[in-house]
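Enquirer: Structure in structure tokens, see below.
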Amino acid sequence: MIGVELRKLLWSRRTWVTILLIDALPTLVGVLLAVTDLGPRPGTGPAFLSAVLTDGTLFPLAALAIVLPLFLPIAVAVTAGEAIAGEAQQGTLRYLLVRPVGRTRLLVAKLVSVMAFVVLTVVVVAATAYVVGTLLLGSDSVSAGTTSVSGSGLSTQEMALRTLLALAYAMLCMLGVAAIALFLSTVVRSPLSAALGTMGVLATSTVLLTLDAAHLLQPYLPTRYWLAFVDLFRDPILWRDVERGVLLQVVYVVVFLGAAWANFMTKDITD
Amino acid sequence: MIRTEGLTKHYGRIAAVEDVGLEVRDGDVYGFLGANGSGKTTTVRMLLGLVLPTSGSIEVLGRSMPGSGREVLPRIGAMVEGPGFYPQLSGRANLAVFDASGPGRDRPSRAGRIDDALAQVGLDGVDRRPVRAYSLGMRQRLGLAAALLRRPRLLVLDEPTNGLDPQGIREIRRLLLDLNAAGTTVFLSSHLLTEIEQMCTRVGVLDRGRLVLQDQLEHLQRPTGRTVVRTPDTDAALALLDGHVERQEGDTIWVRADDPLALNASLVRVGVRVLELGPERHTLEDVVLQAATASGDRR
């Protein structure tokens with residue numbers, strides 16, 4: 001079943017259009033930076049962006065930092081929100097279930113497919129950004145080292161490891177979004193409502209994070225530690241927020257996937 | 001093949017299906033009749049494990065449902081409330097997706113089985129157009145092909161001829177009867193009396209969630225004990241049959257007589273010319289409407 005879902009994902013024209021659109025923004029940013037040479041001052045703007053003018057190989061990270069807070073979660077919310085509700089609306093859900101595809105198996109396959117979409121998107125964005133970064137942006141640090149956010153040098157190897165960690169962290173955050181959207185997808189009838197509901201949750205979380213009066217809630221909001229992956233590039237690594245972020249996302253994933261499973265297993269399929 | 005006992009489904013306070021005891025035997029073409037909203041589709045969905053019953057038991061192919069769905073469902077071909085497909089894929093690709101999903105996939109034979117199923121429903125000339133571009137009738141045929149893909153022992157079909165033209169309805173009827181002759185049990189739900197009358201060996205009637213009638217079609221269409229006579233010589237006939245005539249309409253006479261042969265002989269003996277003569281049978285329509293009204297009164 002997982003294979004079937006993955007093929008559905010890869011065959012779908014929409015998957016590729018979405019990825020292309022997500023990819024367009026960081027590419028545009030890269031081109032603008034290269035043409036104008038006007039980077040944000042260090043410490044302002046999206047993470048890493050001030051550094052890319054001198055070191056283009058950092059641009060993949062900057063691109064992810066641009067995509068992660070908004071574009072990627074929206075795409076995940078839409079893709080995962082469609083998982084069950086979309087099949088139901090299309091009339092294919094009942095035919096999958098009488099094949100029979102086990103309900104648990106279907107949920108797992110859908111989740112795997114959503115995460116495959118995330119991986120695919122991240123890889124495409126990173127690859128494009130690498131090309132744009134090395135071709136158009138600065139290549140000052142031809143030496144083996146890269147500068148960490150804290151100012152000290154990092155070896156290429158160290159840098160690769162930390163990048164992988166950062167990617168894993170970003171995936172976990174997206175898994176949290178996917179879990180919420182998948183749960184809503186088993187509840188509502190239309191894929192659009194599931195996606196909008198998820199975006200509503202994320203928007204609420206983002207707004208509350210800027211509100212001092214909500215400080216009691218803030219440690220538990222799903223988007224609270226999303227950008228903590230920047231801390232992985234400090235020297236030494238600042239683990240505190242990353243650890244809390246991981247814990248929080250794991251709780252979200254377990255709770256919402258559990259709820260999705262419980263709801264879907266006992267649901268009357270009437271559409 | 002299918003046996004339910006006390007099958008009941010409540011949605012909140014509304015009872016969609018109430019105490020239904022279906023019995024479908026091996027080799028039957030079972031017609032499941034009921035008006036729209038009578039609970040037919042809910043019952044069919046419960047048989048397939050899509051809707052979970054509030055109470056009661058279901059046994060399909062000798063195993064309990066929905067518990068044994070993994071063993072039972074691969075041997076069932078189903079169409080529930082119209083076909084459902086991925087609109088951007090071609091008909092062939094859709095069948096391949098469904099065949100690849102779930103247990104019991106047999107990849108080497110897939111292409112062959114898809115060809116067979118498409119040929120069976122008359123879609124063998126189908127091209128690579130996406131299903132989005134199919135007509136209603138083509139979709140219906142493709143839905144049927146999907147049900148036939150695994151060569152099932154039991155077909156559960158909800159309104160299979162919906163959207164087909166008379167020619168198509170006839171082809172599908174022919175196909176289902178052929179499959180039945182080859183050993184497939186067919187469970188057919190419909191609100192069309194004529195369709196059931198032309199195909200089924202056994203009939204169940206659902207009215208407002210209750211099974212009000214379940215019997216062999218033959219038994220339901222048994223003679224009424226009256227004989228219908230059409231003759232141009234009505235006066236002579238009426239004189240001869242005085243006291244046995246129940247009703248007369250133009251040249252048609254309804255006679256209380258359960259031996260049409262003897263009646264014919266006696267009419268001819270006195271020189272009455274007979275245009276048509278035969279035993280009157282209960283029509284399915286009368287039986288169904290009677291059963292349905294009775295249940296309406298009970299409420």
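The values are calculated or read from the model by the stated rules, or taken from the named source; none is laboratory data. These numbers were taken from a predicted model, which means no experiment stands behind them. Quick reminder, even Gly has a Cβ in these numbers, built from the backbone with ideal geometry, and neighbours come from all protein chains shown.
Enquirer: May I ask you to verify whether B:Val245 is surrounded by 12 or more Cβ atoms within 10 Å (Cβ to Cβ) and either modelled with pLDDT of 90 or more or among the polar types (S, T, N, Q) (or both)?
Expert: Criteria not met by B:Val245.
Enquirer: A further question follows. Do we have B:Arg150 as part of a helix (DSSP H, G or I) and either within 14 Å of chain A (Cβ to nearest Cβ) or touching a strand residue (DSSP E or B) at 6+ places or on another chain (Cβ under 6 Å) (or both) here?
Expert: On the way: part of a helix (DSSP H, G or I): no; either within 14 Å of chain A (Cβ to nearest Cβ) or touching a strand residue (DSSP E or B) at 6+ places or on another chain (Cβ under 6 Å) (or both): yes.
In short, no.
Enquirer: Name the residues in region B:18-61 that are over 16 Å from the mean Cα position of the chain (by Cα) and away from chain A (no Cβ under 11 Å), would you?
Expert: Across region B:18-61, the qualifying residues are B:Glu18, B:Asp19, B:Val20, B:Gly21, B:Gly37, B:Ser55, B:Gly56, B:Ser57, B:Ile58, B:Glu59, B:Val60, B:Leu61.
Enquirer: Sticking with this one: Search region A:249-271 for residues that are more than 14 Å from chain B (Cβ to nearest Cβ) and pair each with any residue that is not in a helix (DSSP H, G or I) when their beta-carbon atoms are under 6 Å apart and the residues are at least 6 apart or on different chains.
Expert: Once the first residue is more than 14 Å from chain B (Cβ to nearest Cβ) and sits in region A:249-271, its partners that are not in a helix (DSSP H, G or I) give A:Tyr252/A:Pro222.
Enquirer: Same structure again: Give, as residue ranges, the strands (runs of 3 or more DSSP E) completely inside region B:207-299 that count at least 1 residues that are of a type in the set (Ser, Thr, Tyr).
Expert: Working: elements: B:210-216, B:223-230, B:245-249, B:252-256, B:276-281.
By residue number, B:223-230, B:252-256.
Enquirer: Just need a number here: residues in region B:75-105 that are buried (at least 21 other Cβ atoms within 10 Å of the Cβ) and more than 17 Å from A:Glu87 (Cβ to Cβ).
Expert: Matching residues across region B:75-105 total 3.
Enquirer: Still on this structure, I have one more. Just for strands (runs of 3 or more DSSP E) wholly inside region B:1-83: which have at least 2 residues that are touching a His at 6+ places or on another chain (Cβ under 8 Å) and closer than 26 Å to B:Thr201 by Cβ?
Expert: B:29-34
Enquirer: Among the residues of region A:82-110, write down those that are touching a residue at least 24 places away in the same chain (Cβ under 8 Å), over 11 Å from B:Ser101 (Cβ atoms) and at the interface with another protein chain (Cβ under 7 Å from one of its Cβ atoms).
Expert: Residues satisfying the conditions are A:Gly91, A:Arg94.
Enquirer: It is to be established whether one or more residues within region A:205-221 are among the aliphatic types (A, V, I, L, M), surrounded by 15 or more Cβ atoms within 10 Å (Cβ to Cβ) and touching a residue at least 40 places away in the same chain (Cβ under 8 Å).
Expert: Scanning region A:205-221, I find no residue that is among the aliphatic types (A, V, I, L, M), surrounded by 15 or more Cβ atoms within 10 Å (Cβ to Cβ) and touching a residue at least 40 places away in the same chain (Cβ under 8 Å), so the answer is no.
Enquirer: Let me ask something additional. Looking at (1) crowded, with 18+ Cβ neighbours inside 10 Å; (2) modelled with pLDDT of 90 or more; (3) closer than 28 Å to B:Tyr134 by Cα, can you tell me which one B:Arg210 breaks?
Expert: Single failed check for B:Arg210: (3).
Enquirer: From the list B:Ala181, B:Ala147, B:Ala133, which one is farther than 22 Å from B:Ile196 by Cβ and modelled with pLDDT of 90 or more?
Expert: Answer to the check: B:Ala133.
Enquirer: When the residues of region B:33-74 are narrowed to those that are touching a Pro at 6+ places or on another chain (Cβ under 7 Å) and under 26 Å from B:Val212 (Cβ atoms), which ends up surrounded by the fewest Cβ atoms within 10 Å (Cβ to Cβ)?
Expert: So the first thing to find is which residues in region B:33-74 are touching a Pro at 6+ places or on another chain (Cβ under 7 Å), and the list is B:46, B:49, B:52, B:69-70, B:73-74.
Add one more test, that the residue is under 26 Å from B:Val212 (Cβ atoms), and what stays is B:46, B:49, B:52.
Details: B:Met46: 26, B:Gly49: 23, B:Leu52: 15.
So the residue we want is B:Leu52.
Enquirer: Checking the conditions here, which among B:Arg230, B:Arg208 is within 26 Å of B:Glu197 (Cα to Cα), of a type in the set (Lys, Arg) and in contact with a strand residue (DSSP E or B) (Cβ under 6 Å, 6 or more places away or on another chain)?
Expert: B:Arg230
Enquirer: Out of everything in region B:195-221 that is of a type in the set (D, E, K, R) and over 12 Å from the mean Cα position of the chain (by Cα), what residue ends up being nearest to B:Gly37 (Cα to Cα)?
Expert: Within region B:195-221, the match that is nearest to B:Gly37 (Cα to Cα) is B:Arg208.
Enquirer: Filter region B:106-139 for residues that are in a loop (DSSP other than H, G, I, E, B) and surrounded by 13 or more Cβ atoms within 10 Å (Cβ to Cβ); which is nearest to the other protein chains (Cβ to nearest Cβ)?
Expert: Kept after step one, since they are in a loop (DSSP other than H, G, I, E, B), are these residues of region B:106-139: B:106, B:121-129, B:134-135.
So of that shortlist, the ones also surrounded by 13 or more Cβ atoms within 10 Å (Cβ to Cβ) come out as B:121-123, B:126, B:134.
Values: B:Val121: 16, B:Gly122: 20, B:Leu123: 17, B:Val126: 19, B:Tyr134: 13 Å.
For region B:106-139, the residue satisfying everything is B:Tyr134.
Enquirer: Looking at this structure, is A:Leu20 more than 14 Å from every other protein chain (Cβ to nearest Cβ), among the aliphatic types (A, V, I, L, M), surrounded by fewer than 21 Cβ atoms within 10 Å (Cβ to Cβ) and touching a Gly at 6+ places or on another chain (Cβ under 7 Å)?
Expert: no
Enquirer: Just give me the residues in region A:23-39 being assigned to a helix (DSSP H, G or I) and either of a type in the set (Asp, Glu) or within 12 Å of another protein chain (Cβ to nearest Cβ) (or both), in sequence order.
Expert: A:Asp23
Enquirer: Report yes if some residue within region A:40-63 is free of Cβ contacts under 8 Å to residues at least 12 places away in the same chain, among the hydrophobic types (A, V, I, L, M, F, W, C) and more than 14 Å from chain B (Cβ to nearest Cβ); otherwise report no.
Expert: No, there is no match, as no residue in region A:40-63 is free of Cβ contacts under 8 Å to residues at least 12 places away in the same chain, among the hydrophobic types (A, V, I, L, M, F, W, C) and more than 14 Å from chain B (Cβ to nearest Cβ).
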